[in-house]
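Participant: Sending over a structure as structure tokens; questions will come in a sec.
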Protein chains: 2
Amino acid sequence: MSDIDGRAVAKAIRADVAAAAAKLRAEGTAPTLAVVVPTDDEGTAWYVRSIKKAAEKEGVDCRIEQLDAPGKGEIIAKLQELSADPDVHGIICQTPLPEGVTLPEVGWYISPFKDIDGANSEGLGRLAQGRRTWAPATAAAVLELLKREDLELAGTRAVVVGRSTVVGKPAALLLLNESATVTVCHSRTKDLAAVCREADILVAAVGRAGMIGADFVKPGATVIDVGTNPTDDGGLVGDVDYAAVAPVAGRLTPVPGGVGPVTTALLLRHTVEAAELSKTHP
Amino acid sequence: MSDIDGRAVAKAIRADVAAAAAKLRAEGTAPTLAVVVPTDDEGTAWYVRSIKKAAEKEGVDCRIEQLDAPGKGEIIAKLQELSADPDVHGIICQTPLPEGVTLPEVGWYISPFKDIDGANSEGLGRLAQGRRTWAPATAAAVLELLKREDLELAGTRAVVVGRSTVVGKPAALLLLNESATVTVCHSRTKDLAAVCREADILVAAVGRAGMIGADFVKPGATVIDVGTNPTDDGGLVGDVDYAAVAPVAGRLTPVPGGVGPVTTALLLRHTVEAAELSKTHP
């Protein structure tokens with residue numbers, strides 16, 4: 001088994017981002033990401049600071065727009081304001097959202113030209129149509145990791161466990177666009193382990209620590225672990241039982257150091273792409 | 001094996017449409033469907049006339065907007081005009097389109113409030129988000145037929161053969177929203193027959209006459225045949241080899257008389273729903 005090194009992939013992407021950001025700045029545009037934070041959740045605050053730090057290191061400005069116990073209307077108003085602001089190129093609306101508010105209903109107010117984390121239904125629809133768009137960054141990171149491996153995606157069997165709008169469904173659509181034969185599983189799937197064993201490529205995006213055991217994995221399969229489950233001692237573990245699966249899988253992403261850093265790097269790449277787009281589509 | 005009777009389902013839907021249309025007319029609104037026809041293809045002309053006849057029988061007005069060898073700009077201008085016309089409630093853009101023009105790029109100009117055949121990326125995105133929307137009518141017909149059978153969809157294995165934007169992908173998303181475990185196959189799928197044999201519910205949407213043989217079908221499976229392939233003698237056959245599959249399948253839709261009439265009935269149902277929506281969202 002070989003680890004898939006997400007940190008190395010992220011480093012390569014971020015080097016490209018830094019070059020593109022420098023070029024944009026030389027042309028008078030400071031690529032800028034705005035992150036709307038509608039929660040005082042500590043984990044979210046930590047994550048948002050890590051995005052800001054990464055962004056600024058590569059020459060991307062990052063505005064954190066902290067909202068204090070906002071209603072739906074305030075979140076929408078902020079997203080509209082940022083969508084109309086010519087100095088902002090990429091917009092993320094962070095979760096968790098206040099009770100009763102869903103990401104699709106507020107995501108609609110992010111301009112499709114700035115929707116670098118695929119929160120607007122327009123982007124998801126374009127993805128389903130096989131058109132150019134920014135997929136949600138975590139789903140895009142799954143594909144980025146797979147495409148950088150020496151793997152043929154067309155014709156392989158891919159199984160995605162999890163059907164969320166931010167990971168499972170867009171990852172499935174991206175894999176389908178690459179001509180994989182794609183199965184989406186979820187909490188209602190019967191005999192989940194047997195379905196997962198059909199996979200040449202297994203994507204785990206359920207949010208349950210270590211639930212993918214050795215019996216879920218076909219020998220030699222490539223396993224992408226999207227899970228980031230906090231442990232009691234302040235660490236992170238994936239959805240895959242790493243120790244059990246490592247002897248069975250052909251390749252496996254670790255947690256941390258797999259999908260996570262690539263997701264952050266792609267948020268930055270999408271932001272510089274949006275900044276480039278703003279020059280022809282102001 | 002029992003046939004799934006699409007004509008009976010269509011009749012029931014059309015009775016509901018007629019009642020809703022009569023109520024709308026009594027309230028001063030004549031529910032109206034506009035069909036943009038950018039081709040002089042004979043099969044299309046026949047199909048469009050059959051929609052018009054069905055619509056008018058149930059009290060839905062139908063405007064056929066025939067365009068003569070149009071460019072992309074003319075198609076878009078017509079769709080924008082109809083989107084802005086308060087007397088039009090539902091809009092379909094018929095295919096085939098002129099060479100070099102795709103449905104997603106013109107479908108974007110159909111107002112989401114009138115997009116009763118799911119051509120706008122906004123609608124497909126809402127579908128992927130699990131929100132209320134009008135799916136492309138053929139995909140919606142697949143679900144309508146399944147839901148009217150005494151079948152548990154949650155947890156069953158569904159295989160969709162075909163990944164088009166108008167049938168395969170939206171049918172997969174609809175099945176996923178019903179908690180089926182969904183696999184999407186296509187021309188690059190390896191050992192297609194074996195993958196299809198995993199299906200409790202098999203949806204064939206490839207457009208190749210009779211390609212789904214007995215060896216593609218698990219005994220007792222429910223098979224929905226979306227294919228409408230013209231025969232030399234002016235008839236229609238499905239993607240399923242009916243004679244071969246009938247002894248194996250548990251239930252099977254015939255062609256003609258399966259998905260087709262339900263698709264037409266749903267275009268009308270969607271139109272009256274759009275007319276109802278226009279009263280609160282003029």
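Participant: Say we look at region B:113-128 and pick out the residues that are over 12 Å from B:Leu79 (Cβ atoms) and facing chain A (nearest Cβ under 9 Å); which of these is surrounded by the most Cβ atoms within 10 Å (Cβ to Cβ)?
Facilitator: Among those residues, the one meeting the criterion is B:Leu124.
Here is a yes/no grid of residues against (1) within 10 Å of another protein chain (Cβ to nearest Cβ); (2) within 18 Å of the chain's Cα centre (by Cα); (3) among the basic types (Lys, Arg):
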{"residue": "A:Leu151", "(1), (2), (3)": "no, no, no"}
{"residue": "A:Val159", "(1), (2), (3)": "yes, yes, no"}
{"residue": "A:Arg163", "(1), (2), (3)": "yes, yes, yes"}
{"residue": "A:His186", "(1), (2), (3)": "yes, no, no"}
{"residue": "A:Arg197", "(1), (2), (3)": "no, no, yes"}
{"residue": "A:Leu202", "(1), (2), (3)": "no, yes, no"}
{"residue": "A:Val206", "(1), (2), (3)": "no, yes, no"}
{"residue": "A:Ala214", "(1), (2), (3)": "no, no, no"}
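Participant: Only one of (1) buried (at least 19 other Cβ atoms within 10 Å of the Cβ); (2) touching an Asp or Glu at 6+ places or on another chain (Cβ under 6 Å) is not met by A:Gly213, so which one is it?
Facilitator: Among (1) buried (at least 19 other Cβ atoms within 10 Å of the Cβ); (2) touching an Asp or Glu at 6+ places or on another chain (Cβ under 6 Å), the lone unmet condition for A:Gly213 is (1).
Participant: Next question. Quickly run through region A:248-277 and pick out the residues that are touching a Phe, Trp or Tyr at 6+ places or on another chain (Cβ under 8 Å) and β-branched (Val, Ile, Thr).
Facilitator: Once the filter is applied, which keeps residues that are touching a Phe, Trp or Tyr at 6+ places or on another chain (Cβ under 8 Å) and β-branched (Val, Ile, Thr), region A:248-277 yields only A:Val255.
Participant: Still on this structure, I have one more. Looking for something closer than 27 Å to B:Ala199 by Cα, part of a loop (DSSP other than H, G, I, E, B) and within 10 Å of chain B (Cβ to nearest Cβ) - is there at least one such residue anywhere in region A:129-141?
Facilitator: yes
Quick grid of which residues meet (1) at pLDDT below 95; (2) in a helix (DSSP H, G or I); (3) within 19 Å of A:Asp117 (Cα to Cα); (4) more than 15 Å from the chain's Cα centre (by Cα):
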{"residue": "A:Ala209", "(1), (2), (3), (4)": "no, no, no, yes"}
{"residue": "A:Gly220", "(1), (2), (3), (4)": "no, no, no, yes"}
{"residue": "A:Gly234", "(1), (2), (3), (4)": "yes, no, no, yes"}
{"residue": "A:Ala249", "(1), (2), (3), (4)": "no, no, no, yes"}
{"residue": "A:Pro254", "(1), (2), (3), (4)": "no, no, no, yes"}
{"residue": "A:Leu266", "(1), (2), (3), (4)": "no, yes, yes, no"}
{"residue": "A:Ala274", "(1), (2), (3), (4)": "no, yes, yes, yes"}
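Participant: Of everything in region B:55-73 that's of a type in the set (A, V, I, L, M, F, W, C) and not in a loop (DSSP other than H, G, I, E, B), which residue is farthest from B:Thr95 (Cα to Cα)?
Facilitator: B:Ala55
Participant: Going by what's in this entry, would B:Ala243 be described as more than 24 Å from B:Leu127 (Cα to Cα), without any contact (Cβ under 8 Å) to a residue 12 or more places away in the chain, assigned to a helix (DSSP H, G or I) and within 14 Å of chain A (Cβ to nearest Cβ)?
Facilitator: no
Participant: Between a first residue in region B:31-43 that is among the β-branched types (Val, Ile, Thr) and a second residue that is surrounded by 24 or more Cβ atoms within 10 Å (Cβ to Cβ) and assigned to a loop (DSSP other than H, G, I, E, B), which pairs have beta carbons less than 8 Å apart while being 6 or more apart in sequence or on different chains?
Facilitator: B:Thr32/B:Val60; B:Thr32/B:His89
Participant: Residues of region A:86-101 being surrounded by fewer than 17 Cβ atoms within 10 Å (Cβ to Cβ) and closer than 17 Å to A:Ala30 by Cβ, which ones?
Facilitator: A:Pro86, A:Asp87 - these are the residues of region A:86-101 that are surrounded by fewer than 17 Cβ atoms within 10 Å (Cβ to Cβ) and closer than 17 Å to A:Ala30 by Cβ.
Participant: So which pairs qualify, if the first residue must be in region B:92-106 and away from every other protein chain (no Cβ under 12 Å), the second must be outside any loop (DSSP other than H, G, I, E, B) and modelled with pLDDT under 95, the Cβ gap must be under 6 Å, and the two must be at least 6 apart or on different chains?
Facilitator: Filtered contacts from region B:92-106: B:Gln94/B:Thr44.
Participant: Is region A:182-195 home to any residue that is buried (at least 16 other Cβ atoms within 10 Å of the Cβ) and either among the acidic types (Asp, Glu) or over 29 Å from B:Thr189 (Cα atoms) (or both)?
Facilitator: No, that holds for no residue.
Participant: Residue by residue through region A:28-54, note down the ones that are assigned to a helix (DSSP H, G or I) and out of contact with any strand residue (DSSP E or B) (no Cβ under 9 Å at 6 or more places or on another chain).
Facilitator: If the condition is that a residue be assigned to a helix (DSSP H, G or I) and out of contact with any strand residue (DSSP E or B) (no Cβ under 9 Å at 6 or more places or on another chain), then A:Glu42, A:Trp46, A:Tyr47, A:Ser50 are the ones that fit.
Participant: Sticking with this one: Looking only at region B:93-101, decide whether some residue is of a type outside the set (S, T, N, Q), at pLDDT 95 or above and in contact with a strand residue (DSSP E or B) (Cβ under 8 Å, 6 or more places away or on another chain).
Facilitator: Yes, some residue in region B:93-101 is of a type outside the set (S, T, N, Q), at pLDDT 95 or above and in contact with a strand residue (DSSP E or B) (Cβ under 8 Å, 6 or more places away or on another chain).
Participant: Can you give me the number of residues within region B:166-184 that are more than 7 Å from chain A (Cβ to nearest Cβ) and part of a helix (DSSP H, G or I)?
Facilitator: So the answer is 8.
Participant: Looking at region B:76-91, which of its residues are without any contact (Cβ under 8 Å) to a residue 60 or more places away in the chain and either outside any helix (DSSP H, G or I) or in contact with a Cys (Cβ under 7 Å, 6 or more places away or on another chain) (or both)?
Facilitator: B:Leu79, B:Asp85, B:Asp87, B:Val88, B:Ile91
Participant: Is there a residue being surrounded by 21 or more Cβ atoms within 10 Å (Cβ to Cβ), modelled with pLDDT of 95 or more and β-branched (Val, Ile, Thr) anywhere in region A:61-71?
Facilitator: No, region A:61-71 contains no residue that is surrounded by 21 or more Cβ atoms within 10 Å (Cβ to Cβ), modelled with pLDDT of 95 or more and β-branched (Val, Ile, Thr).
Participant: If I ask for residues that are outside any loop (DSSP other than H, G, I, E, B) and surrounded by fewer than 24 Cβ atoms within 10 Å (Cβ to Cβ), which ones from region B:147-165 would you list?
Facilitator: Those that are outside any loop (DSSP other than H, G, I, E, B) and surrounded by fewer than 24 Cβ atoms within 10 Å (Cβ to Cβ): B:Lys147, B:Arg148, B:Arg157.
Participant: Suppose we keep only residues that are touching a residue at least 40 places away in the same chain (Cβ under 8 Å) and surrounded by fewer than 24 Cβ atoms within 10 Å (Cβ to Cβ) within region A:270-282. Which one would you say is nearest to A:Leu151 (Cα to Cα)?
Facilitator: Out of the qualifying residues, it is A:Glu273.
The values are calculated or read from the model by the stated rules, or taken from the named source; none is laboratory data. Bear in mind that the values here come from a model prediction, so they are computed numbers and not experimental data. For neighbour counting, all protein chains shown are included, and Cβ atoms are generated from backbone atoms with ideal geometry for every residue, glycine included.
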